Amino acid sequence: MSKKKVVDFYFSFVSLYTYIGYEAFQDLAQRLDLEVNYKPIDLHAIFTASGGLPVSKRPPQRQSYRLVEMQRWALIRNIPLVSKPKYHPCSAEIGHRMLLAAIANQQDIKDFVGNALKVLWVDDLNLADPDVMIAVANRSGLDGPALYEQNKAESITEKLNALTQEGLEKQVFGTPFFIYEGEPFWGQDRLEMLEDLIASGRQPIPSPIIT
């Protein structure tokens, strides 16, 4: 029996580049028959711990280049994109918690993740609005009201906090972030490198712990 190919996928629904790379990642996962562990994390906590800055606090030249780069990638990926969403930044916690509830229910969540990533970057709506996220779940073939009720459970809070802490311990500093057999890949523009590692069968390059 061949060994399972498992990728840990750390992300946030508020993350621009998780949205830009999501369809490409799904295509890769299907082609290589990957098992994906979906791990939503608190991106603000990750930035705080790793020295990252929210967009509004970055130097003007970085903000300007980001606007060029995001539109360039949208053309490359052939996907729609709102370059300046009305509600960015906003909390993704409701959606993350509903996702974890669906995972706990052993439901197929791939469409929910994809549609939730479109809330800011295509639909120009508010991730922090419960009605928006319930509608997203319904549109994804899930029971939105039931997941919204389930998201309030203490076990979901514990799981979300644990995933963020796990990300910090594994040196995640942005999203999307992929880990395959200990080798880290930051950004949707590293998908080709991730594919090369998996397809080639080479030895993974572990991430050193620097203190």
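Could you list, in sequence order, all residues of the range 1-12 that are surrounded by 15 or more Cβ atoms within 10 Å (Cβ to Cβ), over 11 Å from the mean Cα position of the chain (by Cα) and assigned to a strand (DSSP E or B)? Answer for the range 1-12, where residues must be surrounded by 15 or more Cβ atoms within 10 Å (Cβ to Cβ), over 11 Å from the mean Cα position of the chain (by Cα) and assigned to a strand (DSSP E or B): just V7. Restrict the check to the range 27-42 and report whether at least one residue is over 19 Å from I179 (Cα atoms) and among the aromatic types (F, W, Y). No, the conditions are met nowhere in the range 27-42. Exactly one residue out of N161, N138 is under 15 Å from E93 (Cβ atoms) and polar (S, T, N, Q): that is N161.
Bear in mind these aren't lab numbers, they're just calculated from the coordinates by the rules spelled out. Note that the structure is predicted; figures quoted are calculated from it, not measured. Ideal geometry is used to build each Cβ from the backbone, glycine not excepted, and the neighbour counts take in all protein chains shown.
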